[in-house]
1. Considering (1) within 29 Å of L47 (Cα to Cα); (2) within 15 Å of the chain's Cα centre (by Cα); (3) surrounded by fewer than 21 Cβ atoms within 10 Å (Cβ to Cβ); (4) not polar (S, T, N, Q), say which one P78 fails and leave the rest.
2. Can you confirm whether D137 is out of contact with any strand residue (DSSP E or B) (no Cβ under 9 Å at 6 or more places or on another chain), of a type in the set (D, E), in contact (Cβ under 8 Å) with a residue 40 or more places away in the chain and assigned to a loop (DSSP other than H, G, I, E, B)?
3. Yes or no: L89 in a helix (DSSP H, G or I), surrounded by 13 or more Cβ atoms within 10 Å (Cβ to Cβ) and touching a Lys or Arg at 6+ places or on another chain (Cβ under 8 Å)?
4. Quick one: how many residues across segment 180-201 are farther than 26 Å from L43 by Cα, at pLDDT below 90 and either among the acidic types (D, E) or surrounded by 18 or more Cβ atoms within 10 Å (Cβ to Cβ) (or both)?
5. Can we say D73 is within 27 Å of R164 (Cβ to Cβ) and at pLDDT below 95?
6. Out of (1) assigned to a loop (DSSP other than H, G, I, E, B); (2) touching a residue at least 24 places away in the same chain (Cβ under 8 Å), what's the single condition that is false for T123?
7. For segment 58-76, name all the residues that are touching a residue at least 12 places away in the same chain (Cβ under 8 Å), farther than 15 Å from F106 by Cβ and not basic (K, R).
8. Has segment 116-133 got at least one residue that is modelled with pLDDT of 95 or more, farther than 25 Å from V12 by Cβ, hydrophobic (A, V, I, L, M, F, W, C) and touching a strand residue (DSSP E or B) at 6+ places or on another chain (Cβ under 8 Å)?
Amino acid sequence: MTEPAVPFDHLVARARRLATGPRRLLGLVGAPGAGKSTLAAQLVDALAPAAVLVPMDGFHLAGAELDRLGRRDRKGAPDTFDAAGYVALLTRLRHPGPDVVYAPTFDRRLEEPIAGAIPAPPTVPLVVTEGNYLLLDDGPWTGVRPLLDETWYVHISDSVRVERLIHRHIEHGKQPAAARAWVLGSDEANARLITATRPRADLVISC
């Protein structure tokens, strides 16, 4: 079933309603390449300075740890993230104290997480977080959804999404054949898992 497109100004208005009063958390979720990172950044820009973006990708396990665990060839799967750490950070963001909370980011050039890169001052009323597994009902990931005031699922056609992902992997150094193999293997396995969580979203956005 194809959802009708939601105008961007309607999304901004809905997010702005969350950005009033005490701290609120908005989550954007979708399969790899769906466009959730771009939409999250656009929303935060439109709401500035009342919103801050805290991506889930900052909780990728470091490459050395993936090697130790034998999971580098599945990077991006649920068990290649520090899910419990992500839940702990969202909990701190949900109940801000007097101090700035610092969140990690993910550097795609290095393919590594970078700690303490994103400041979230307690005076900012809305935290926007985006990632693949915000609605996953398994293991530590079950702790994410209860901390979010709303979760929006970002959908795009599989054909567009797959080609976008292949191009992204090529841009970050993979050879075209290797990029396609990774997308059709690891990324698509993750995409199927994420798609199954779509019914738990408060809003589905078709891009």
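The values are calculated or read from the model by the stated rules, or taken from the named source; none is laboratory data. What you are looking at is a predicted structure, and each value in this text was computed from that prediction instead of being measured. FYI the Cβ positions are ideal-geometry reconstructions off the backbone, even for glycines, and counts take in every protein chain you see.
1. The failed condition is (1).
2. So D137 passes the test.
3. no
4. Qualifying residue count for the region: 2.
5. When the stated conditions are applied, D73 passes them.
6. Every condition holds for T123 apart from (2).
7. D73
8. Taking every residue of segment 116-133 in turn, at least one turns out to be modelled with pLDDT of 95 or more, farther than 25 Å from V12 by Cβ, hydrophobic (A, V, I, L, M, F, W, C) and touching a strand residue (DSSP E or B) at 6+ places or on another chain (Cβ under 8 Å).
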